[in-house]
Amino acid sequence: MSRPLKLYNTLTRSKEVFEPIDPGNVRLYVCGPTVYDYAHIGNARPVIVFDVLYRLLRHRYGADHVVYARNITDVDDKINARAARDFPDLPLNDAIGKVTEATERQFHEDVAALGCLPPDQEPRATNHIVEMVAIIERLVARGLAYVAEDNVLFSPVAMDNYPGAPRYGSLARRSLDEMIAGARVDVAPYKRDPMDFVLWKPSKPNEPGWPSPCGIVPLGRPGWHIECSAMSMAKLLTPFGGGLACDDPTKNIFDIHGGGIDLVFPHHENEIAQSCCAFNTTRMANVWMHNGFLQVEGEKMSKSLGNFVTIRDLLETGKFGDSTWPGDVLRLAMLRTHYRQPIDWTVKELERALKDLREWYGLIATEASSHGTIDRGILEALFDDLNTHGALVRVHELAKTGDRAALSASLTFLGFSCNPTSLTRRLYESVMDGIRASDKAVATEKADGTHFEDSSTQKRVDELIASRQAARAAKNFAEADKIRDQLADLGVVLKESKDGTTWEFKR
Ligand code: AMP
Ligand code: ZN
């Protein structure tokens with residue numbers, strides 16, 4: 001009998017044993033990025049956390065029995081503003097296409113570098129406008145939404161009188177008064193009630209627009225919340241006539257819905273309102289999971305504080321701690337804290353993660369992960385509400401006991417590349433840059449006779465080789481091996497021959 005999987009459910013505020021609706025088709029939806037700018041390291045947290053959950057579900061139910069859908073929000077006012085700013089000479093729709101395509105590509109590259117598997121389904125909002133319109137028309141027909149000045153608004157008050165629907169606010173557990181105060185709701189004059197939220201709004205002539213629901217004449221565009229109701233329906237629920245999920249409540253619930261804690265209200269509360277009222281269910285998803293927030297060096301991350309860090313900054317530009325960081329290091333630093341706790345993103349933690357990975361990858365360098373089995377203690381920790389912190393404590397133990405095969409299989413399962421050169425890649429590139437610069441300088445020196453100093457990297461490598469030879473001559477083989485490892489960290493491979501030691505960079 002395998003151990004039950006327990007997950008903390010925001011709906012019930014408790015850890016529950018997870019029972020899929022259909023073990024042959026376990027369905028997970030996570031709110032994805034709005035594509036207008038590089039994703040920041042806070043955005044990476046849900047992607048990494050739910051990647052671990054996805055891997056765990058695949059392990060338990062089989063890779064072919066799990067569907068993970070994560071959307072791309074490619075229609076949004078922030079996208080329009082960015083497109084107009086960056087491409088002022090292009091027609092707005094062309095500019096938007098450039099912004100969303102480039103940002104989506106960057107996002108894919110970034111999260112792949114963090115070891116995240118691509119989701120099975122990645123719907124883009126603009127491909128599901130038809131479903132959004134169909135849901136909106138159904139909600140209006142049922143008296144849960146209304147048209148006002150070419151907008152369509154959802155009425156939480158009407159929902160509270162709709163038979164079978166959950167109470168509005170049951171996920172956030174807030175009273176209507178608190179929600180009004182907390183949501184900083186836009187009190188447009190045409191709203192019947194301040195809590196009413198937008199399902200559809202008219203577009204200005206130059207903005208992207210689609211034929212509107214309910215006979216509204218101007219072209220329009222969806223509100224953010226309806227996008228996720230439509231895309232989760234399109235990808236995870238049983239299709240029925242007219243592009244809508246059927247009205248059978250037993251078929252219109254999926255298993256797990258995830259996102260960051262800031263999405264509980266209003267985004268997820270509103271998704272629930274729309275979906276439950278449109279599909280006659282008491283729940284949209286059975287389990288709601290939310291990751292805690294990330295702050296940087298003890299402070300809320302914000303552009304105005306100058307501590308705003310993108311995934312790309314960390315991977316490539318060296319803006320954080322004056323160094324670039326391999327994706328595996330970022331993944332380890334993220335998983336060291338339990339997903340529901342707040343996380344403090346610090347240079348010190350990244351350094352610790354790099355040190356640990358160097359040690360672990362050093363141990364498993366010769367081990368193929370296929371030879372080992374995933375450690376049971378690691379699985380047990382993960383089955384207990386994704387306790388990645390506990391799992392990583394266990395990884396340390398494995399490293400100590402020297403079970404290299406289990407260490408390798410477990411790290412692979414946790415999504416780490418297990419490729420030692422991934423930890424030296426950036427260093428290798430900067431070393432190569434140094435050498436290319438020195439080659440160029442030598443060439444220049446030859447051409448114009450100017451003075452040139454040897455590349456400091458070459459000097460360092462030569463020094464290390466000389467110290468290693470000295471250690472070997474003194475029969476201090478432990479020291480010689482240590483120096484060889486240091487050289488390996490620099491991406492240097494030694495070649496011994498009867499003429500002495502030469503070296504080259506590992507390609
Ligand atoms: P957004 O693009 O703001 O909608 O965010 C995309 C995802 O990242 C959502 O699931 C957010 O909850 C999550 N998120 C945004 N900022 C942070 C942060 N600082 N820490 C953790 N998660 C975040
Ligand atoms: Zn969403």
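Taking all protein chains together and a 1.4 Å probe, the residues 283, 312 rank 283, 312 from largest to smallest accessible area. Calculated mean residue ellipticity, 222 nm, the chain: -13500 deg cm²/dmol, from DSSP H runs (n ≥ 4) at -39500 (n - 2.57) each, averaged per residue and rounded to 500. To the nearest ten degrees, helix 224-236 and the longest principal axis of the Cα atoms of the chain are 80 degrees apart. Accessible surface for the chain, divided over its residues, is 46 Å² per residue with a 1.4 Å probe.
In the assembled protein chains, residue 261 presents an accessible area of approximately 80 Å² (probe radius 1.4 Å). Take the Cα of residue 497, step 7 Å toward its Cβ, do the same at residue 37, and the gap between the two points is 5.5 nm. Using the Cβ-Cβ distance between residue 219 and residue 466 with R0 set to 41 Å, the FRET efficiency works out to roughly 0.05. Full extension of the chain between residue 317 and residue 358 yields a length gain of 12.6 nm, computed as 0.36 nm times the residue separation minus the alpha carbon distance. Taking the range 377-391 and a reference point 7 angstrom along Cα→Cβ of residue 401, the backbone N atoms nearer than 17 Å belong to 377-382, 390-391.
For the chain, what is the percent of antiparallel DSSP beta bridges, rounded to the nearest 5? Restricted to the chain, the bridges split so that about 55 percent are antiparallel. Using a probe of 1.4 Å on the protein chains alone, the accessible area found for residue 210 is around 60 Å². Taken along the Cα-to-beta-carbon direction at a fixed 7 Å, the label points for residue 167 and residue 481 span 6.7 nm.
Compute the FRET efficiency between residue 102 and residue 175 as 1/(1 + (r/R0)^6), taking r as their Cβ-Cβ distance and R0 = 41 Å, and round to the nearest 0.05. For R0 = 41 Å, the calculated efficiency reads 0.45. Rounded to whole Å, give me the distance from the Cα center of the range 396-416 to that of the range 83-149. So the separation of the two Cα centres works out to 40 Å.
Taking R0 as 35 Å, what FRET efficiency do you get between residue 293 and residue 190 from their Cβ-Cβ distance, rounded to the nearest 0.05? Present the calculation step by step, with values, prior to reporting the outcome.
Working: r = 34 Å, r/R0 = 0.98.
Plugging the Cβ-Cβ distance into 1/(1 + (r/R0)^6) gives 0.55.
The length gained by stretching the chain between residue 303 and residue 347 to full extension, at 0.36 nm per residue less their Cα-Cα distance, is 14.0 nm.
For the pair residue 63 and residue 365, label points projected 7 Å from Cα toward Cβ lie 2.9 nm apart.
The values are calculated or read from the model by the stated rules, or taken from the named source; none is laboratory data. Remember, predicted model here, so these are calculated numbers, not experimental data. Glycine also receives a Cβ, built like all others from the backbone with ideal geometry; neighbour counts cover every protein chain displayed. The protein model used for the area step is the full one, side chains on, heavy atoms only, and it has no ligands, DNA or RNA in it. Shrake-Rupley method; radii C 1.70, N 1.55, O 1.52, S 1.80 Å.
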